[in-house]
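The values are calculated or read from the model by the stated rules, or taken from the named source; none is laboratory data. In this text the structure is predicted, and so the values were computed from the model without any measurement. Note that we place each Cβ from the backbone using ideal geometry, even for glycine, and neighbour counts take in every protein chain shown. To get the accessible areas, we keep the full protein, side chains included, count just its heavy atoms, and leave off ligands, DNA and RNA. Shrake-Rupley method; radii C 1.70, N 1.55, O 1.52, S 1.80 Å.
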Amino acid sequence: MRTADIRSDAETKVASLIKQHDWDGSSLGQPESWPQPLRTIVQLMMDSRFPMFVAWGTDLTLIYNEAYAPILGAKHPGALGSPFQAVWAEIWTDIGPLAAKALAGEASWLDDMPLTMRRHGYDEQTWFTFSYSPAHDETGRVAGLFCACTETTEKVLAVRQNAAERLRLEQLFGEAPAFMALLSGKDHVFELANNAYMQLVGHRDILGKPARVALPEVAHE
């Protein structure tokens, strides 16, 4: 493969770095000598805007696309062409077994997996959804692993914050001496009700039900 073959419609910085990289210092050698399956995977990654990487060869040399670079933080661009384990040494106990499964021919899918990364010089709690898949050479032998991933840290933290806020609201409702209930939507579904309100309605099972169903006598008045 000519290094010029590593391209995209709009050349990315990572694609340029791959062309300029000294691959003689890696187990892969120059791109011209890369096996066709690896060339195909790299081209796929360069043309994609979804975070992806491939770890290939005896030391699982890391090659990634532009969308994956922000995930690396300060590890980029030094991570390019480096052994996968060395790049993510701080989380290897978490992802190492998954990499081993992929190299043994078994794919993995992880949803919102917690990982304590050190990509900006300090420990950082993150969450990721990703898959590790075996990457085969021309003979069908597993020669590496391919990963498509997305960071879900903001989503996980937002869900946790919403849950915490709901818990605080429930506590405030529960402690209020006056009758209090929270209804939502056009059907006025009961979301919350405090003890005083539950006593008022005879401790009926009203949560999650529209007002006309939970309290039919009120709806018909």
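Here is how the numbers come out for the structure above:
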quantity	calculated
Heavy-atom accessible surface of the chain: percent carbon and sulfur, 1.4 Å	55
Tail fraction, Cα-Cα pairs, the chain, threshold 24 Å, whole percent	56
Trypsin sites (Lys or Arg not before Pro) within the range 150-221, DSSP loop, no more than 14 other Cβ atoms inside 10 Å	Lys186, Arg204
Helix axis angle, 92-103 relative to the chain longest principal axis, alpha carbon, degrees	60
Selection of GluC sites (Glu not before Pro), the range 132-213, meeting DSSP coil and at most 10 other Cβ within 10 Å	Glu138
Rh (Kirkwood; distinct C-alpha pairs) - the range 110-221, Å	18.6
Amide H contacts of Ala193 (H built 1.01 Å from N, under 5 Å, at least 5 apart or other chain)	Leu182
Given 16 as the ceiling on other Cβ atoms within 10 Å, longest exposed-site-free region of the chain for chymotrypsin sites (Phe, Trp or Tyr not before Pro) in DSSP loops	1-121
Within a Gaussian network of the chain (alpha carbon springs, distance under 10 Å), most fluctuating of Ala178, Ala74, Ala104	Ala178
Lys, Arg +1 and Asp, Glu -1 on Cβ, resulting dipole of the range 7-103 about Cα centre, debye, nearest 20	140
The chain: angle of helix 153-175 to the longest principal axis, Cα-based, in degrees nearest 10	10
Whole-Å distance, taken between Cα centres, linking the range 103-143 and the range 178-221	47
Rounded accessible area per residue of the chain, 1.4 Å, Å²	55
Most mobile listed residue (Ile91, Ile206, Ile41) in the chain, GNM with C-alpha springs under 10 Å	Ile206
